[in-house]
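Reading through the structure tokens given below for one structure.
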Amino acid sequence: MNKGSERLFEALSGIDPQKIDAAAPTGKEIIHWKRWGALAAALALAVGVGGCVLLRLGGIGFGPGSAAGGSGHDNGGSVFMSYAGPVFPLTVLEGGEGLTARRDIVMDFSPWMPVWWSNEQETASRTELTEEERQAVLRQYDEWYPKGGRFLKSTDLLVTDGYTLTNLTEEDKTVRVLYPFVSSLLDLSERIPSLAADGAALNTALHAGGYSGGFQPVAGSQSKGLLNLERLNSWEGYKTLLSDGSYLDAALGEFPDLSNTPVIVYRFTGYYGPEPDEKAGRPNPTIRAGFDLDYEKTTVLSYGFHGMSRDTEKGHMIQCFSIPQPYNPWYGEPYYLFVIGEDIQNLTTGGYVTGGADADTEKLDGCGVDVKRYEMDLESALREAVELMYGADSRFEELGNGAGRPDFELYFGLMKEFLCSCGPLSPSGVERYDAGWLGEMDFANVDRVFYLEAQVHIPAGGSVKIAASMTKPASYDFHCADTENRNIYGYDMVTRLGTNLDFTAQTAAALNTEGIEIIRQNYGFDWENGVDTVALDPEQEHYYLEVRRAGA
Amino acid sequence: MEDADIIGLYWARDERAIPASDEAYGGLCRALSRNILGSLEDAEECVNDTWHRAWDAIPPQRPRFLRAYFAALTRNVSLDRWRERRAEKRGGGLDVLLSELEDCLPAADGVEDTVEARELTRAIDRWLDGLTAADRSAFLRRYWYGQRVNEVARQDGCSPNTMTKRLGRLRDSLRRALEQEGISV
């Protein structure tokens with residue numbers, strides 16, 4: 001156990017009492033949770049969605065794979081526990097004949113440099129506040145930082161990946177360029193590069209590939225069920241993913257269309273029940289929906305439900321949700337069961353004192369819910385629920401008042417793709433998503449390769465300079481793991497993977513490296529002796545740079 | 001009984017202050033202590049210590065947020081008890097929380113000295129300020145009050161799996177925030 005985490009826990013004791021008070025558990029909300037008792041067999045069902053699966057798959061591998069990070073740097077640098085993915089080269093979709101390219105990548109370490117951030121700057125950045133509130137913040141910061149500010153720094157890298165495309169033909173060319181980068185949907189606003197041609201910003205379209213990783217059993221478990229994510233942790237993983245071009249083809253393809261898949265919808269609205277009161281024996285008033293089904297012929301997805309039990313032998317399922325009260329932000333929102341395949345039978349609903357789905361959970365009077373059954377297509381049904389999810393997804397708020405929210409159609413499309421590729425709508429769906437809860441799908445938080453597409457005009461015999469500028473996070477080992485890579489941060493790039501450009505030269509440069517020590521690399525930098533720009537060997541597929549602060 | 005009335009009893013040196021405190025906040029404090037120590041018996045003793053410390057401190061103190069005040073006292077008493085138990089190799093529920101919090105530790109670069117506890121607290125406070133109310137509440141319920149993930153999840157209306165992922169993101173966010181401020185722990 002690390003002493004630092006103990007200090008952190010203790011330091012939490014002193015935070016603003018108002019926050020502690022606001023977060024205090026009320027006790028009456030405490031529940032006794034039970035997930036389903038037994039994991040079901042794979043839901044390899046003939047539910048009429050097979051056709052949708054084929055369009056955009058290619059990234060996901062299932063089953064045990066390579067070990068998670070830690071060290072290992074015989075070839076191509078370390079295998080880090082948290083891998084940010086390499087910087088990829090630009091490629092051309094069409095019109096690339098007769099073009100040559102030169103690449104000059106610049107890695108700027110300025111985010112590593114401590115920057116003085118005055119209390120006035122902090123105050124001015126809080127644009128959401130009134131002037132009076134800003135003055136209060138300033139007084140607070142002046143108290144916290146009597147020197148008038150503090151130093152900020154990070155381990156991100158500012159990358160400018162520059163290309164000079166030269167048109168050797170005698171005709172003007174308009175080419176569609178693609179710039180790949182690694183991100184999750186949630187991190188998109190922080191990771192998305194800006195593209196410019198000859199200094200002018202380019203209009204871009206965004207394409208998203210599938211989840212780049214796979215799934216694995218729980219470490220040390222006897223069960224072979226694929227319950228954990230297995231993210232890519234080396235550039236070779238991306239090489240496997242991108243080499244044959246199918247991942248890109250899929251990324252440029254259409255999302256699954258579920259409009260030909262019929263679904264029976266059970267919409268739960270108008271729920272009511274008493275407030276939680278532990279002393280009164282109802283710590284978590286819950287609506288339970290129980291029904292019979294043939295697990296071989298029926299798949300159930302749900303939105304809003306968050307407790308369940310399943311009995312595959314008896315062909316019974318229970319789904320339940322805590323009864324929202326008027327003070328809950330989601331009060332009034334509908335909850336859904338989506339039944340695909342054969343309809344469920346003998347649906348009953350009722351109130352219970354807790355969310356437990358045990359047979360002996362006590363019933364609760366004074367609860368109720370309206371259930372409406374109707375039939376429609378799965379595309380429209382899911383759209384309705386995912387719109388609610390999209391609006392309520394508070395994770396985007398972390399990125400700045402929702403400014404980082406991706407386009408809804410992208411969000412919806414990636415959700416459908418996830419359901420069809422590894423979720424309950426896939427014949428090879430993994431156990432991780434057996435519950436069928438839409439809110440459990442990891443489509444927004446897993447890494448994938450995105451592509452920015454832009455059109456560029458290159459005159460006959462002329463050149464255009466394209467620059468992709470981005471903030472690139474570091475790869476690292478978790479501090480607590482205490483590996484030999486502690487305090488070491490890695491950045492890497494690939495020279496040829498996924499590109500069809502004919503490169504005449506590639507160079508790499510590093511800026512603002514003062515106080516940063518190279519631990520491992522294959523670039524050939526020698527900062528101490530002034531070698532901060534190097535020519536890259538086009539035959540070398542992968543370059544890596546691992547650094548730490550001097551003295552760390 | 002209202003908080004002001006309970007504080008009034010303490011100021012009047014009226015011993016009914018203690019049962020009144022226990023009536024209002026005993027459950028919360030016992031749950032908090034149990035989360036840290038993993039033992040009902042120890043939690044009971046810690047909560048009794050809490051009331052005695054409050055008796056010694058009020059007056060002159062007049063807590064503005066009485067619930068948070070009692071909870072903070074209980075947390076500190078329980079942490080002290082956990083350290084005693086650790087010395088006796090008996091550990092407790094806090095081990096799991098500390099193990100999770102290790103994700104939040106910024107990389108120590110050896111340049112700065114470890115910051116003072118007060119500075120660390122301020123940095124965490126600032127980071128908490130930047131969170132949504134829901135995320136702040138989830139983080140504090142887990143790492144301040146020591147609630148189990150499934151309890152935090154249910155109070156937030158989401159599944160334990162979703163909450164686990166969300167807490168992971170929050171820990172990562174705190175680590176980055178501390179790193180950005182150049183704070184070593």
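The values are calculated or read from the model by the stated rules, or taken from the named source; none is laboratory data. In this text the structure is predicted, and so the values were computed from the model without any measurement. Every residue, glycine among them, receives a Cβ derived from its backbone with ideal geometry; neighbour counts consider all protein chains shown. Note: areas computed on protein heavy atoms with side chains; ligands, DNA, RNA excluded. Shrake-Rupley method; radii C 1.70, N 1.55, O 1.52, S 1.80 Å.
Percent relative contact order of chain B, based on C-alpha pairs within less than 8 angstrom and at least six residues apart? Show your work: numbers first, answer last.
Details: 180 pairs, mean separation 41.8, N = 185.
Relative contact order comes out at 23 percent.
For the protein assembly as shown, list log₁₀ I(q)/I(0) at each q in 0.07, 0.09 Å⁻¹, using the Debye formula over Cα point scatterers of equal strength and ignoring solvent, two decimals each.
Rounded to two decimals, the profile gives -0.57, -0.94.
For the protein assembly as shown, with every protein chain kept in place, what is the accessible area per residue (1.4 Å probe, Å²)?
Numbers: 30950 Å² over 737 residues.
Accessible surface, normalised per residue, equals 42 Å².
Membrane-span-like helices in chain A: DSSP H runs reaching 15 Å or more (Cα, own axis), mean Kyte hydropathy at least 0.0? Working shown, then result.
Working: long enough: A:131-144 (19 Å, -1.85); A:378-392 (21 Å, 0.36); A:408-421 (19 Å, 0.77).
Helices meeting the criterion: A:378-392, A:408-421.
Which residues of the range A:518-552 show a drop of at least 30 Å² in accessible area when all protein chains are present, compared with their chain alone (probe radius 1.4 Å, heavy atoms only, ligands and nucleic acids excluded)?
Listed by number, the residues meeting the 30 Å² cut-off come to none at all.
Counting protein heavy atoms only and a 1.4 angstrom probe, how many square angstrom of accessible surface do chains A and B bury in total, to the nearest 100? Walk me through the numbers before you get to the answer.
Numbers: alone 26690 and 10910 Å², together 30950 Å².
Approximately 6600 Å² gets buried when A meets B.
Hey, what did the range A:119-222 get for relative contact order, percent, Cα under 8 Å, at least 6 apart?
Working: 32 pairs, mean separation 14.3, N = 104.
Over the range A:119-222, the number comes to 14 percent.
If you average the sequence gap of Cα pairs under 8 Å that are 6 or more apart and divide by the length of chain A, what percent do you get for the contact order? Each step should come with its number before you reach the end.
Working: 1222 pairs, mean separation 152.6, N = 552.
Normalised by residue count, the contact order of chain A is 28 percent.
Taking the Cα centre of the protein assembly as shown as the origin and placing charges on Cβ (Lys, Arg +1; Asp, Glu -1), which of A:GLY351, A:GLN216, A:VAL534 is farthest toward the positive end of the dipole?
After comparing all options, I get A:GLY351.
Do the sum for chain B: with -39,500 (n - 2.57) for every DSSP H run of n ≥ 4, divided by all residues, what is the mean residue ellipticity at 222 nm, to the nearest 500 deg cm²/dmol? Before the final figure, lay out each step's value.
On the way: 9 runs with 131 residues, N = 185.
Mean residue ellipticity, 222 nm, calculated: -23000 deg cm²/dmol.
In the protein assembly as shown, carbon and sulfur make up what percent of the accessible area (probe 1.4 Å)?
Values: 14850 of 30950 Å².
Carbon and sulfur: 48 percent of the exposed surface of the protein assembly as shown.
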